[in-house]
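A.B. asks: Would you mind keeping the following structure in view while I ask a few things?
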Number of protein chains: 6
Amino acid sequence: MRPSRRAPDELRPVTLERGVVKYAEGSCLVKFGDTHVLVTATLEDRLPPWLKGQGRGWVTAEYGMLPRATSERTRREASAGKQSGRTVEIQRLIGRSLRTIVDLEALGERQITVDCDVLQADGGTRTASITGAWVALADCINWMKARNMIKAKVLRDNVAAISCGIYNGTPVLDLDYAEDSEAQTDANFVLTGDGRIIEVQGTAEREPFTQDEFLALMALAQKGIARLVDLQKLAVA
Amino acid sequence: MRPSRRAPDELRPVTLERGVVKYAEGSCLVKFGDTHVLVTATLEDRLPPWLKGQGRGWVTAEYGMLPRATSERTRREASAGKQSGRTVEIQRLIGRSLRTIVDLEALGERQITVDCDVLQADGGTRTASITGAWVALADCINWMKARNMIKAKVLRDNVAAISCGIYNGTPVLDLDYAEDSEAQTDANFVLTGDGRIIEVQGTAEREPFTQDEFLALMALAQKGIARLVDLQKLAVA
Amino acid sequence: MRPSRRAPDELRPVTLERGVVKYAEGSCLVKFGDTHVLVTATLEDRLPPWLKGQGRGWVTAEYGMLPRATSERTRREASAGKQSGRTVEIQRLIGRSLRTIVDLEALGERQITVDCDVLQADGGTRTASITGAWVALADCINWMKARNMIKAKVLRDNVAAISCGIYNGTPVLDLDYAEDSEAQTDANFVLTGDGRIIEVQGTAEREPFTQDEFLALMALAQKGIARLVDLQKLAVA
Amino acid sequence: MRPSRRAPDELRPVTLERGVVKYAEGSCLVKFGDTHVLVTATLEDRLPPWLKGQGRGWVTAEYGMLPRATSERTRREASAGKQSGRTVEIQRLIGRSLRTIVDLEALGERQITVDCDVLQADGGTRTASITGAWVALADCINWMKARNMIKAKVLRDNVAAISCGIYNGTPVLDLDYAEDSEAQTDANFVLTGDGRIIEVQGTAEREPFTQDEFLALMALAQKGIARLVDLQKLAVA
Amino acid sequence: MRPSRRAPDELRPVTLERGVVKYAEGSCLVKFGDTHVLVTATLEDRLPPWLKGQGRGWVTAEYGMLPRATSERTRREASAGKQSGRTVEIQRLIGRSLRTIVDLEALGERQITVDCDVLQADGGTRTASITGAWVALADCINWMKARNMIKAKVLRDNVAAISCGIYNGTPVLDLDYAEDSEAQTDANFVLTGDGRIIEVQGTAEREPFTQDEFLALMALAQKGIARLVDLQKLAVA
Amino acid sequence: MRPSRRAPDELRPVTLERGVVKYAEGSCLVKFGDTHVLVTATLEDRLPPWLKGQGRGWVTAEYGMLPRATSERTRREASAGKQSGRTVEIQRLIGRSLRTIVDLEALGERQITVDCDVLQADGGTRTASITGAWVALADCINWMKARNMIKAKVLRDNVAAISCGIYNGTPVLDLDYAEDSEAQTDANFVLTGDGRIIEVQGTAEREPFTQDEFLALMALAQKGIARLVDLQKLAVA
């Protein structure tokens, strides 16, 4: 029995609320249960120096967590003077995931920066961030289309993410914090709308796991992400 | 005529929503019109080293702004590796303001950290932060009372803050961003529930101002803060 | 009775010695009693990037304190790797105060940097800095006039600053360290030569104060600053 | 045809040279073709603060690259003042991988720090680092056994790592730089001596990949790592 | 002919003014011509962690330069966020030089920190700093003696420093900035009162120099430092 | 008797192995006994900003030490976030020493960066670095000649370095760590192929030393460096 009484293949309640910050070209407040992330997409007419003059744009991401998003207060990174290794890993993952489904030539020489700020954390902040980021990104691109800034199709597919793990010997979908801290194994999957893999990260928290266990997690992820992609499509419809 | 069509002595719509972050001992989402600040109060059993063993507690504050809280995206301070001078000024002001109305002996050897994170900025983020911080702090202290952690009265009074300025030659209350960027003069007032002054900061943005002009701003502030204190009392009632 | 046996409205002995650093376009060693600040004004043919090509100049300030300017040695900020929040607040105040009385168009596309370095601190270092900075700035501008670099009037007025506070229940002028550390209330006033307000900062150190108390402090400041402005005029005559 | 003319399932020439730094408790110069990494294992009688007094030890890793290990010189991280996101990711991966096969209780309250410094880089520096780190770690533990510092078995298994990718449509083993920069997909596998998974990281560099493609990569990795584990056993025999 | 019209073996006018900062246990304003350095010696009842409990004290030094001490304004190190390589080199030299003539056992478990802050720089700031630092240190030790804090002799000898160089083919003593920037060779000598060597640093600025040239510089230094030691003895008499 | 049983004027076994890093324009693994330094020379078509457009090139150096190059592990500077004062001193010395023998006009508007990374340290890392750096630099310049990038002679002479010290009252050549930590006096000499002085640094570790002692050290250095220069000539022949 999961602490949340969910079935092994059951997501937490997921909501994707658009247009939550009045200035941003795209924004989304994504909730996976008690995990709440505020995502904004910012369009800027500038590029990283190494990309200038190549006829292509760029999509990048930054991630942060409010100090009291967690059960114990975490030190504010701005005050500590540096981002933690965990923060750096997560924001690189979000950026890579989004770029895979964006046609950077069609975007033109512009940069979209996606900011994912966790207001409340109950496990799965990186997967909620990626899932909500697609919505904010889609809205930003619609904002550009409405102004005739782009001609070709920029978004090639959806992208969403979910975590899975082995909890008490059973593969389960969408770990919350209580499950995550007890799980033997933890894997994050980032998939496209058509079910292909963008990124897989599986980590043995205590015991190494077998290839069969890994395949069971991947099957759960396929199912959960199909559901998330449906919700994304509803949200932007 | 103000851009917002408000009367000179009219506040923006103000709301103070409690209990918005499930982990925090106290929290408040404060809105002054389109300025939205998420405030949490965290209780910890530790003290700054220089305060240990003196039988007194401490209240401190940190302030941050999400990168896209503003019309143009601002660089993330955690990524820049330091807090700006403006951020440092504001968080010191919030901390000083709160400490003035707290009985630190009655609090005992504990620290309360108040985090003010601006989700959306339309002028007056520091005054909204202070006003909301009092609510989060009051809830944190009630949380302690419910657990018999304190005996004497810890909060000696309310504290709230508002900005005033001279816009197009007229003294006006509670500047929004459109007014703030055009105002000749800008002052922030932090007052107690009984109308005494905790902090006054008046700055000539372009032209120096006279003592009479300053007194007109102070009169507006007295009126606006009385209204904010009423709202605080309703919120925690 | 004040520890220094001064009358409530009596300044410490103030001296403004010009030309103390041979390289600087303007310089002033300002003393308010035992508070000694070395101020230099540096003219440079460069501007902050965001100001280029607008036909206007800029005046900025930096503040520092020698490690043993204080009773206990303070850690050297260059060695700590960052300026403290207090330093940042003070140098921003000095810069804003000077810019208010400078005609930046008349200055032309140049920057003047005013460095205020405290050699010995006995309270009031920020007010002494502003008062001395005006002298260094005036000398720098005279240096430019002598070389036909400017045509119109650049300095529109004098600027000087003083602190006041309530000590043992009595409003007093120009707090030294012994008074400052005991005062209930502390306010800094930055005024022009004609008595208008550039900046007011009043802080309740322990007890909030009333509007009447604040007006008493402002009256003292008006008197003290009139005296400082006379001394500035004598110094540059 | 691979640029290196290797068969799809062929490793580069691998050598594991022990005892290369005279001071270290364990050390290994690992070469995967032209990728050369110098690994040392340092035993220290101290622990991270959060682990003290729990009867368990710790294994951690740091990673670095000499500036001219690469084709173009890379900026020295010590001079830049921070480690890059890539460096942080890699050293966290190495540390996690090693800890999974170490019995931290049997190690006792001590820390082993594994330093992996890349002398020359031609792709696969993280997998070479992990593979060589196991040898340095094993030598460090043998050093402790020879001094009767440990009683129970500390190393529960071998650990080795390899990268695989899809190059020109074909799944291949152990990518060198020329292949890595052209590959559509890139995955790193960290496995135990008995073939279980410690960590999997698969990333679509351009096109998302299918589950079948991923399984093909995993099959290659199983084969390559079995060969690396044989070499490790030979090295420490 | 030297730009300053001095004879080759002639020092600039040197003054050593004691007691210039009221809080410091020892202080000295040292002038070598237009090079002015404010030196303070601070006594503290603490030690670097690695020195605790060994029955010995420590003497350390920090060096800084006011931004406009130089002909062109130099960036403030506190604002740049780090000390330059040159600053680090100089303060390490000052500290080493002083420690050589201090009996650290006789000092007891205390630290003296010597701060050398250059108010105006015209060449030779490090040699003026060392020469003045001895005076501030001597006064600090006298302050301790007057309070019966030390019993044995702490200062074993004088220490003073001077620069020499080859200017227009002639070895000259005590280079000022005009000479220093033109000299082929530049050497700094730190000697004891009895003429022994504490530190020698000779650098070929353009052309390597011969051993005979170096010996000529050392003979000049011996002569100049004997004169500086006489001035130190007069100053503290 | 020296701990290493060497004669007072005997170098440790010295080897200079070229071409050890496949990407670098020049490289050298230099060994002075158990001190091993990997040196690379990198040619780049860029210059420090202050040198642009003057028809001259630049040679600079960076120095680092692997964490376990030493008997006790040293903290990694990249992780600490800054280079130590010792590192800064050494890399400045290496750069200055090399520039003295390079014709920067003949080099043209290019920069050569020499990286010296200590793999194992047993005393004398800075002198080994300089000695090996000359070999890497010579190879880099030969690489340029082979591509017709330079016409005139760039290297004007050899440069090599050695340490000397007074150990147990006897002047000895080429101190290893065991001697260095016991020596009363320590001096580093950087000389040209024709025996002239580029840099001398002599430091009394405990007792000041006499001019005669210093001359004895210099005589040893002359002898040792002549031998090193012979080895350099053999290496590049």
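The values are calculated or read from the model by the stated rules, or taken from the named source; none is laboratory data. Please read all numbers here as calculations on a predicted model, not as lab measurements. Note that each Cβ is placed from the backbone with ideal geometry, even for glycine, and that neighbours are counted across all protein chains shown. Just so you know, the surface numbers come from the protein's heavy atoms only, side chains and all, with ligands and any DNA or RNA stripped out. Shrake-Rupley method; radii C 1.70, N 1.55, O 1.52, S 1.80 Å.
A.B. asks: Can you find a residue that is touching a Ser or Thr at 6+ places or on another chain (Cβ under 6 Å) and under 26 Å from B:G202 (Cα atoms) anywhere in the stretch C:63-81? Spell out the reasoning first.
C.D. replies: So the first thing to find is which residues in the stretch C:63-81 are touching a Ser or Thr at 6+ places or on another chain (Cβ under 6 Å), and the list is C:63, C:67-68, C:73.
Filter once more, keeping what is under 26 Å from B:G202 (Cα atoms): C:63.
Checking the stretch C:63-81: at least one residue is touching a Ser or Thr at 6+ places or on another chain (Cβ under 6 Å) and under 26 Å from B:G202 (Cα atoms).
A.B. asks: Sticking with this structure for a sec: Which numbered condition trips up F:I198, out of (1) within 14 Å of the chain's Cα centre (by Cα); (2) at positive phi?
C.D. replies: Looking at each condition in turn, F:I198 falls short on (2).
A.B. asks: Closer than 30 Å to C:Q91 by Cα, of a type in the set (D, E, K, R) and surrounded by fewer than 24 Cβ atoms within 10 Å (Cβ to Cβ), is that true of E:R12?
C.D. replies: So E:R12 does not fit the description; no.
A.B. asks: Give the residue that is nearest to D:I166 (Cα to Cα), with candidates limited to residues of the stretch D:17-28 that are open to solvent by less than 30 Å² (accessible area, probe 1.4 Å) and not in a loop (DSSP other than H, G, I, E, B).
C.D. replies: My answer is D:C28.
A.B. asks: Continuing with this model, one more query. Could you figure out which of (1) at pLDDT 95 or above; (2) within 14 Å of chain A (Cβ to nearest Cβ); (3) not in a loop (DSSP other than H, G, I, E, B) isn't true of B:V88?
C.D. replies: Answer for B:V88: the failing condition is (1).
A.B. asks: Let me ask you something else. State the number of residues belonging to the stretch F:34-65 that are in a strand (DSSP E or B) and touching a helix residue (DSSP H, G or I) at 6+ places or on another chain (Cβ under 9 Å).
C.D. replies: 17
A.B. asks: Right, here's the next one. Hey, does the stretch A:120-131 have a residue that's in a helix (DSSP H, G or I), surrounded by fewer than 21 Cβ atoms within 10 Å (Cβ to Cβ) and more than 14 Å from chain D (Cβ to nearest Cβ)?
C.D. replies: The initial filter retains those residues of the stretch A:120-131 that are in a helix (DSSP H, G or I), namely A:125-131.
Among the residues that remain, those that are also surrounded by fewer than 21 Cβ atoms within 10 Å (Cβ to Cβ) are: none.
Within the stretch A:120-131, not a single residue is in a helix (DSSP H, G or I), surrounded by fewer than 21 Cβ atoms within 10 Å (Cβ to Cβ) and more than 14 Å from chain D (Cβ to nearest Cβ).
A.B. asks: Scan the stretch A:134-190 residue by residue and report those that are assigned to a helix (DSSP H, G or I) and either of a type in the set (G, A, S) or within 14 Å of the chain's Cα centre (by Cα) (or both).
C.D. replies: Passing the criteria: A:W134, A:V135, A:A136, A:L137, A:A138, A:A146, A:A178.
A.B. asks: When E:G85 is evaluated against the numbered criteria (1) open to solvent by 10 Å² or more (accessible area, probe 1.4 Å); (2) in contact (Cβ under 8 Å) with a residue 12 or more places away in the chain, which criterion, by number, is the only one it fails?
C.D. replies: E:G85 satisfies every listed condition except (2).
A.B. asks: Sort out which residues of the stretch C:219-230 are among the aliphatic types (A, V, I, L, M) and surrounded by fewer than 19 Cβ atoms within 10 Å (Cβ to Cβ), and write them in order of number. Reasoning before the result, please.
C.D. replies: Of all residues in the stretch C:219-230, those among the aliphatic types (A, V, I, L, M) come to C:219-221, C:225-226, C:228-229.
Those that are among the aliphatic types (A, V, I, L, M) and surrounded by fewer than 19 Cβ atoms within 10 Å (Cβ to Cβ): C:A219, C:A226.
A.B. asks: Any residue at all in the stretch C:221-228 that's more than 14 Å from chain B (Cβ to nearest Cβ) and under 19 Å from C:T100 (Cα atoms)?
C.D. replies: Yes, the stretch C:221-228 contains at least one residue that is more than 14 Å from chain B (Cβ to nearest Cβ) and under 19 Å from C:T100 (Cα atoms).
A.B. asks: Turning to a different aspect of this structure: Check F:R68, F:R2, F:R6 and return the single one that is within 14 Å of chain D (Cβ to nearest Cβ), outside any strand (DSSP E or B) and among the charged types (D, E, K, R).
C.D. replies: It is F:R68.
A.B. asks: For the stretch C:95-111, does any single residue satisfy the condition of being open to solvent by 20 Å² or more (accessible area, probe 1.4 Å) and within 7 Å of another protein chain (Cβ to nearest Cβ)?
C.D. replies: Checked against the condition, which is being open to solvent by 20 Å² or more (accessible area, probe 1.4 Å) and within 7 Å of another protein chain (Cβ to nearest Cβ), the stretch C:95-111 yields at least one hit.
A.B. asks: Kindly indicate whether E:K145 is surrounded by fewer than 19 Cβ atoms within 10 Å (Cβ to Cβ) and at the interface with another protein chain (Cβ under 9 Å from one of its Cβ atoms).
C.D. replies: Values: surrounded by fewer than 19 Cβ atoms within 10 Å (Cβ to Cβ): yes; at the interface with another protein chain (Cβ under 9 Å from one of its Cβ atoms): no.
In short, no.
A.B. asks: Please specify each residue of the stretch E:12-39 satisfying the condition of being facing chain C (nearest Cβ under 9 Å), among the hydroxyl-bearing types (S, T, Y) and within 23 Å of E:I225 (Cβ to Cβ).
C.D. replies: E:S27
A.B. asks: What are the residues in the stretch E:71-85 that are at the interface with another protein chain (Cβ under 7 Å from one of its Cβ atoms) and either among the aliphatic types (A, V, I, L, M) or more than 18 Å from the chain's Cα centre (by Cα) (or both), if any?
C.D. replies: Residues satisfying the conditions are E:S71, E:R73, E:R76, E:E77, E:A78, E:S79, E:G81, E:K82, E:Q83.
Each row is one residue, and each column tells you yes or no for (1) open to solvent by less than 10 Å² (accessible area, probe 1.4 Å); (2) more than 9 Å from every other protein chain (Cβ to nearest Cβ).
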residue: B:L175; (1), (2): yes, yes
residue: B:D194; (1), (2): no, no
residue: B:T203; (1), (2): no, no
residue: B:F209; (1), (2): yes, no
residue: B:D212; (1), (2): no, yes
residue: B:L215; (1), (2): no, no
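A.B. asks: Condition first: in contact with a Ser or Thr (Cβ under 6 Å, 6 or more places away or on another chain) and among the charged types (D, E, K, R). Now tell me which residues in the stretch F:1-44 satisfy that.
C.D. replies: The answer is F:K31, and nothing else.
A.B. asks: List, please: which pairs have Cβ atoms under 9 Å, are six or more places apart or on different chains, and start with a residue in the stretch F:208-236 that is among the hydroxyl-bearing types (S, T, Y) and end with one that is open to solvent by less than 60 Å² (accessible area, probe 1.4 Å) and not in a loop (DSSP other than H, G, I, E, B)?
C.D. replies: Pairs found: F:T210/E:I197.
A.B. asks: In the stretch D:180-192, what count of residues is obtained for those that are buried (at least 23 other Cβ atoms within 10 Å of the Cβ), more than 26 Å from A:I94 (Cβ to Cβ) and touching a residue at least 40 places away in the same chain (Cβ under 8 Å)?
C.D. replies: Here the count works out to 0.
A.B. asks: Given the structure, is B:R75 part of a helix (DSSP H, G or I), among the charged types (D, E, K, R) and modelled with pLDDT of 95 or more?
C.D. replies: It is false that B:R75 is part of a helix (DSSP H, G or I), among the charged types (D, E, K, R) and modelled with pLDDT of 95 or more.
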